[in-house]
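Participant: Below are the structure tokens for one structure; questions will follow.
Each reported figure results from applying straightforward, stated rules to the coordinates on display, with no laboratory input. Fair warning: this is a prediction, and the values are worked out from it, not measured in the lab. Here the Cβ positions follow ideal geometry from the backbone for every residue, glycine too, while neighbour counts run over all protein chains shown.
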Protein chains: 4
Amino acid sequence: MTEDPFWKNELATRMAQGVPHALALGIEFVSVKDGVGTLRVPWREDLVGDPDTGVIAGGVITTFLDQLCGAAVMSALSEHNPIATIDLRIDYMRPAEPGCAVQAEAQCTKVGKNIAFVRAVAYDHSPDNPVAHASAAFMMNTNRRPGANLGEKKS
Amino acid sequence: MTEDPFWKNELATRMAQGVPHALALGIEFVSVKDGVGTLRVPWREDLVGDPDTGVIAGGVITTFLDQLCGAAVMSALSEHNPIATIDLRIDYMRPAEPGCAVQAEAQCTKVGKNIAFVRAVAYDHSPDNPVAHASAAFMMNTNRRPGANLGEKKS
Amino acid sequence: MTEDPFWKNELATRMAQGVPHALALGIEFVSVKDGVGTLRVPWREDLVGDPDTGVIAGGVITTFLDQLCGAAVMSALSEHNPIATIDLRIDYMRPAEPGCAVQAEAQCTKVGKNIAFVRAVAYDHSPDNPVAHASAAFMMNTNRRPGANLGEKKS
Amino acid sequence: MTEDPFWKNELATRMAQGVPHALALGIEFVSVKDGVGTLRVPWREDLVGDPDTGVIAGGVITTFLDQLCGAAVMSALSEHNPIATIDLRIDYMRPAEPGCAVQAEAQCTKVGKNIAFVRAVAYDHSPDNPVAHASAAFMMNTNRRPGANLGEKKS
């Protein structure tokens, strides 16, 4: 594709601002394109879970990685279509260093017609010494096939 | 135990208010005691992911379940000790009904000396028709054994 | 449905015998119907991981729960259609008691048009004191929509 | 370390042969050292799940990745100590190509005092086009601290 269409810019803005809890974190949009994305959350005192350690709360990392995985999948689609998270797993390797921003990179490892998979890594200094890893699966094009969405019940 | 100690009340307050992104969601504390907890997030227009559907964003459910699982584990401890999430998995079964509050219940399924497991279910009307399920593992007493925390690197 | 159709009996047999690694475990078919299933693996000395403890190897529990989750989903379908596992998570709470059979129960918690979710619990004495828990997501009817399977690559 | 100690060779042998269900798969040991491992399972007709497709059964991949993750962690330890799987997640991206061997590579992404994390990828032709991904967490040195194992119940 030669040009980022409108919806991708809209996506970027929504990612940087998003729903209130993402907005509250001050997530910064670095880049997200063609199934690969990078976001950043600067360290702030009010994001700390335990004041004794100064470590960013695990829940902040969760929200951050969750937003990033969704953004990466949306950026891999050729058209703007709703996606639905099927599931998400996060592994927390170690506390982030107090006072440091946390950055995360995501990559779609598979984009099929219906399912996409994403992996992401969060880190303070280097992706080789990760703070957390995420794996997620998404259902795509949920509005294309009437009755095909996750919410429908078995008859 | 005959009486909820101070730290459990503090925990309850922190859960209801929490770090900014949890606070931004307006999570309501219902109850959390002895490894079992219930939280509630009222529907609000600004928590909606896709305005076309009115469905609460998946990321809100993620944050909500993450907070709840941690609260349930803390309430299972006989003393106030730091815990660290090892990992978290969330399955998203279907969209929550637009306009409805989402409630979630968590239960510790195992509390060992070092590791605790929690399962949680989020729903709008009944836990038998879940919106999402969560499974998480936590490391406990991370301050008891010097050098035992997740953050330490292999020498 | 009034009668188990042929393919369900075939399923039962395949579950009890299955591919070589399941067959090698001596998995016993207890029941599997309408999205709910129970399998059993008797304790055998050659299934033990560490001879010092006599505990059944974790890998045996993995294979056992994996087979069970797939069987539960197949039994929930109204027609015989291929299914594909999207993902599987297993939490290992504690070692099974040496010398005891391990039984596991699975239940489909959601069956949509395209995705099904299953949860299972493995135990030696009671499901209230689990050895392991499993959560899995499956894609269904993979042969109905040409090109819709997981294996297809994005063009 | 200058030389692989005896227990590592023993490990290698056990991995190549292992408990019956791993043995039944004909898993081949390629290499496992210092937290990094590679195993291989040749295609065989009796490992096929659905005869119509010739694709190796998903359960074979599960068992294979489970064995590999454990082997990678054991090879990262400086002494021979028991390990216990805390949890395992496997994402199945696509069917393996019929007739092809499946190879898998695992790497410990974090080795702490108590917890180790591993990620693995299974593929037929290239790790860049994966068949499946695995993420797992392990508890280490379970025999060092009496009463510290996962199996102990909270008093």
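Participant: Give me the distance between the Cα centres of the stretch C:61-93 and the stretch A:74-115, rounded to whole Å.
Facilitator: 25
Participant: So, by mean Cβ neighbours within 10 angstrom, what's the order for A:121-134, C:102-115 with the highest one leading?
Facilitator: Ranked from most to least packed, the peptides come out as C:102-115, A:121-134.
Participant: Rg/Rh for the stretch A:6-140 to two decimals, with Rh computed the Kirkwood way over all alpha-carbon pairs.
Facilitator: Reported Rg/Rh, Kirkwood definition of Rh: 0.97.
Participant: Between B:Gly49, B:Cys69, B:His80, whose Cα lies farthest towards the positive end of the dipole of the stretch B:33-81 when Lys and Arg beta carbons carry +1 and Asp and Glu beta carbons carry -1, centred on the Cα centre?
Facilitator: So the residue furthest toward the plus end is B:His80.
Participant: For the stretch D:6-140, give the magnitude of the charge dipole about the Cα centre (Cβ charges: +1 Lys/Arg, -1 Asp/Glu; no others), in debye to the nearest 20.
Facilitator: In debye, rounded to 20, the stretch D:6-140 gives about 540.
Participant: Lys and Arg at +1, Asp and Glu at -1: add these up for the other residues within a Cβ distance under 15 Å of C:Ala122 and post the number.
Facilitator: Around C:Ala122, the surrounding residues sum to -3.
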